[in-house]
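Participant: Take this structure, written in structure tokens, and hold onto it; I'll ask about it next.
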Amino acid sequence: MNRNHSRSRLPAAERRATTVQAVIELASVMNPADITTGDIAARMRITQGALFRHFATKDEVWREVVDWVTRRVSARVEEAARKAASPLEALEIVFLAQIEDHARHPGVPRIMFGELQRAEDTPARGMVRKFMERYIKALQGFIEQGRTAGQISPDVDARAAATLFVGLIQGMVLQSLVSGNLGVVRKKARDVFALYLRAVRMTP
């Protein structure tokens, strides 16, 4: 059987998942804004017609990608809430997991940064903005729990501390993208989180 033909007849859920992976792979080597449906189809070794049987427009593809990314991060937060022995441990789990994910999939932060920087209010950009607000609120919850448990100083503003948490991750990822050295974020992640703890932890 023709390989392209077999690829074009994948089940809808599998096709959408492989499309997401193709976009993330492309975004790791090119500007996400420059990615076309032709590029995506070529990466997947299918025709654009086969791609459009599952996505009516490029915007739909982008919404699917952003949905995949946000669900992945949300799952990390929920896992941390279940497994962590303390609020500080939950924050560490989320921090290190996000750094690792970005190092493994450099296309992801490129896509997220790209959407937030777009001037037009696209559906995908709106999804990213709403997710970031939910994400910061979830982190804020961990910080408030830490204050209640006596692990985090009562003087710490939970919203500001959550925003700083996100900013540290974004700053590390941005530096790695600029330098082209993705491995450095893994090496520095624990040191950077230790500095964060110094800023928020309750002191004797």
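The values are calculated or read from the model by the stated rules, or taken from the named source; none is laboratory data. In this text the structure is predicted, and so the values were computed from the model without any measurement. As a convention, Cβ positions derive from the backbone with ideal geometry for all residues, glycine included, and neighbour counts pool all protein chains shown.
Participant: Quick test for you: out of ALA124, ALA42, ALA103, ALA90, pick the one residue that is aliphatic (A, V, I, L, M), assigned by TED's automatic domain parsing to the domain that holds TYR196 and modelled with pLDDT of 90 or more.
Facilitator: ALA90
Participant: Continuing with the same structure: Filter region 170-187 down to the residues that are of a type in the set (S, T, N, Q) and within 16 Å of ASP101 (Cβ to Cβ), then identify the one that is surrounded by the fewest Cβ atoms within 10 Å (Cβ to Cβ).
Facilitator: Top of the filtered list is GLN170.
Participant: Ok, one more. Quick one: would you say ILE143 is assigned by TED's automatic domain parsing to the domain that holds ARG76, of a type outside the set (Lys, Arg) and closer than 12 Å to LEU91 by Cβ?
Facilitator: For ILE143, the condition - assigned by TED's automatic domain parsing to the domain that holds ARG76, of a type outside the set (Lys, Arg) and closer than 12 Å to LEU91 by Cβ - is met.
Participant: So which residues in region 24-48 are small (Gly, Ala, Ser) and without any contact (Cβ under 8 Å) to a residue 12 or more places away in the chain? Working first, answer last.
Facilitator: Filtering region 24-48 for residues small (Gly, Ala, Ser) gives 27-28, 33, 38, 41-42.
If the condition is that a residue be small (Gly, Ala, Ser) and without any contact (Cβ under 8 Å) to a residue 12 or more places away in the chain, then GLY38, ALA41, ALA42 are the ones that fit.
Participant: Does ILE46 qualify as being over 20 Å from MET172 (Cβ atoms) and surrounded by 20 or more Cβ atoms within 10 Å (Cβ to Cβ)? It would help to see each step written out before you state the result.
Facilitator: Values: over 20 Å from MET172 (Cβ atoms): yes; surrounded by 20 or more Cβ atoms within 10 Å (Cβ to Cβ): yes.
Spelling it out, ILE46 is indeed over 20 Å from MET172 (Cβ atoms) and surrounded by 20 or more Cβ atoms within 10 Å (Cβ to Cβ).
Yes/no matrix, rows are residues, columns are (1) assigned to a helix (DSSP H, G or I); (2) within 16 Å of VAL173 (Cα to Cα); (3) not acidic (Asp, Glu):
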residue	(1), (2), (3)
VAL69	yes, yes, yes
ARG72	yes, no, yes
GLU78	yes, no, no
ALA90	yes, no, yes
ALA97	yes, yes, yes
GLU100	yes, yes, no
LEU116	yes, yes, yes
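Participant: Report yes if SER74 is out of contact with any Phe, Trp or Tyr (no Cβ under 8 Å at 6 or more places or on another chain) and in contact (Cβ under 8 Å) with a residue 60 or more places away in the chain, otherwise no.
Facilitator: no
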